[in-house]
Amino acid sequence: MTAAAFHKIERGLLEALEIAQAGDEEIADRLTREQVAQDAIRARIVAQGRDEMSDYTVEVSLRVHIKLRDDAFTDKFMEEYRENFSPFYNLSEHANHLGWLVASERMDEVTKNSGKEQFIEGYGPIGQFVERAEIVSTDTSVAAGEVA
């Protein structure tokens, strides 16, 4: 649709609004300012060759508190874990991995009263390795000027 065609539609919508405001109650009931604005936006979208969808890039940030049971991470466990799962050499790598599991909802939070019995591959019942794994803060924002 060309810009001229868009302006013709917009003028027609505005004329219809004027008719409605002049006293034709039936038209007034059907045709409100909001409807005209929505129709104008739709016409503008069509004129630009876009569909009626908005795209956003949203950044989501979670902070997860992890409290490990250090004594469970024996040398034997660490060696077996490296051989079978991931090359983790220190506890912070396990904490990072477990935090990611919680943040991505692949693992439930572990609190004083719940979550310790869940089976996590590579660890078994996670309560043997984790005292706490809780989301402590969440933040979201739409990235300025970015479209997915």
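Below is a table of values for the structure above.
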| read-out | value |
| --- | --- |
| Sorted by Cβ neighbour density within 10 Å, fewest at the top, the residues Lys67, Lys116, Lys76 | Lys76, Lys67, Lys116 |
| Cα-based reach from Lys67 at 17 Å (exclusive), listing lysines while leaving out same-chain residues under 8 positions away | Lys112, Lys116 |
| Separation of the Glu83 and Asn96 label points, Cα + 7 Å toward Cβ, nm | 2.4 |
| Karplus (6.51, -1.76, 1.60) ³J(HN,Hα), θ = phi - 60°, over the stretch 79-89, in Hz, Gly and Pro reported as x | 5, 5, 5, 4, 5, 9, 10, 9, x, 8, 10 |
| Ranked Met78, Met107, criterion: other C-beta atoms within 10 Å, fewest first | Met78, Met107 |
| Full-stretch length increase - Glu134, Leu62 - with 0.36 nm per residue and alpha-carbon distance subtracted | 24.9 nm |
| Long-range amide H partners of Val64 with built H, under 5 Å | Val136 |
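Each value in this text was obtained by applying a stated rule to the coordinates, not by laboratory testing. Because the structure is a prediction, the values reported are computed rather than measured. Backbone-built Cβ (ideal geometry, glycine too); neighbour counts: all protein chains shown.
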